[in-house]
Amino acid sequence: VVLAAGMATRMGVLKQVLPVDGEPMVRRVVRTCLGAGLAPVWVVTGYGAQAVEAALAGMPAAVRCVYNPRFAAGQAESLRAGVRAAAEAAAAGGVEAGAAALAVLLADQPFVRPETLRRLVELALAPGVLAAAASYGPGLPGPPCVLRRDLWSQVLALSGDRGARAVLLAAGDRVRVSEVDPAELRDIDQPDDIRPPAPR
């Protein structure tokens, strides 16, 4: 699930479609998901939905958009929209039917690498684990993260401007936290943030 519904008030323009290395930001994030073997990819749109969908033109059929009409109500609404779409597709017998987990990414974190997502999936699918997430400091799990199916109902109960962190914190020691290069986790809030990180 890629969250791409925000109004980008700090940026002042629709940042989801701004180019990063010549590619629209949201398209780059979706391509990273596909490169990590994650499919289908649900892109939650809201503000500027038509532009976001246009930026994804020509991508594989596994890339699907779901519109969140309540995008201004906070991140929880978009997260719920994505999880609900995946859950409904699973209930209908789609390819999601056997899905054990969902990865959650932000459209304004274009520098996350496929290998980071693969590592989080591996951690999340370990016995006794409910989720895996990137570390933002002691006791601060955050995106990207991978949520086992047992947590989807908790996501659907969220409200307001809360994201997956509330669910991750509630899961306690059943969450595996992974150290990730801070350059990968840098989100795009200002025009200067678009500069790619220096090669490692």
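The values are calculated or read from the model by the stated rules, or taken from the named source; none is laboratory data. Computed from a prediction, not measured in an experiment: that's the story for all the values here. Note that each Cβ is placed from the backbone with ideal geometry, even for glycine, and that neighbours are counted across all protein chains shown. Calculation scope for accessible area: heavy atoms of the full protein, side chains included, ligands and nucleic acids excluded. Shrake-Rupley method; radii C 1.70, N 1.55, O 1.52, S 1.80 Å.
Residue check: Thr116 meets all listed conditions (1) open to solvent by 80 Å² or more (accessible area, probe 1.4 Å); (2) polar (S, T, N, Q); (3) at pLDDT 95 or above but one, namely (1). Across segment 139-171, the number of residues qualifying as in contact with a helix residue (DSSP H, G or I) (Cβ under 6 Å, 6 or more places away or on another chain), closer than 19 Å to Gln109 by Cα and open to solvent by 60 Å² or more (accessible area, probe 1.4 Å) comes to 2.
Which one is modelled with the lowest pLDDT, of the residues in segment 2-55 that are more than 24 Å from Gly142 (Cα to Cα) and aliphatic (A, V, I, L, M)?
The qualifying residue modelled with the lowest pLDDT is Val13.
Condition check: of a type outside the set (S, T, N, Q) and open to solvent by less than 30 Å² (accessible area, probe 1.4 Å). Does Val44 satisfy that? Criteria met by Val44. Hey, does segment 97-107 have a residue that's out of contact with any helix residue (DSSP H, G or I) (no Cβ under 8 Å at 6 or more places or on another chain), under 26 Å from Arg186 (Cβ atoms), open to solvent by 10 Å² or more (accessible area, probe 1.4 Å) and of a type outside the set (Ser, Thr, Tyr)? No: zero hits. For segment 70-96, taking the residues that are among the hydrophobic types (A, V, I, L, M, F, W, C) and under 16 Å from the mean Cα position of the chain (by Cα), the one that is surrounded by the most Cβ atoms within 10 Å (Cβ to Cβ) is identified as Leu79.
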